Amino acid sequence: MEFAPQKNAHPALQVDDVAAARTELESKGVEFSGEMMDTGVCHMAFFSDPDGNDLMLHRRYAPQTD
């Protein structure tokens, strides 16, 4: 079986500050796809790991409602 990177699944890595985490990762050579997104509920930033798997930095700032 041949390995194929996971695309368009974007497992989310929860962080306290998406912009700060992105800056730290960029300083280590990580390249992001586009700008940080603010959905009105959360901040997100998308990148790929060295094997080509899509990942996302995520922070929900809006309160959860039931």
Which one is farthest from His10 (Cα to Cα) among residues in the stretch 44-66 that are hydrophobic (A, V, I, L, M, F, W, C) and touching a residue at least 40 places away in the same chain (Cβ under 8 Å)? Leu57
Just give me the residues in the stretch 1-34 being of a type in the set (A, V, I, L, M) and free of Cβ contacts under 8 Å to residues at least 40 places away in the same chain, in sequence order. Met1, Ala4, Ala19, Ala20, Ala21, Leu25, Val30
Considering the stretch 1-30 alone, what residues qualify as being assigned to a loop (DSSP other than H, G, I, E, B), surrounded by 10 or more Cβ atoms within 10 Å (Cβ to Cβ) and either modelled with pLDDT of 75 or more or of a type in the set (D, E, K, R) (or both)? Lys7, His10, Pro11, Val15, Asp17, Val30
Kindly evaluate Val41 against the criterion of being without any contact (Cβ under 8 Å) to a residue 24 or more places away in the chain, among the aliphatic types (A, V, I, L, M) and either more than 23 Å from Gln64 (Cα to Cα) or loosely packed, with under 10 Cβ neighbours inside 10 Å (or both). no
From the residues in the stretch 31-66 that are outside any loop (DSSP other than H, G, I, E, B) and among the small types (Gly, Ala, Ser), which one is modelled with the highest pLDDT? Ala45
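The values are calculated or read from the model by the stated rules, or taken from the named source; none is laboratory data. What you are looking at is a predicted structure, and each value in this text was computed from that prediction instead of being measured. Cβ sites come from the backbone with ideal geometry, for glycine too, and all protein chains shown count toward neighbours.
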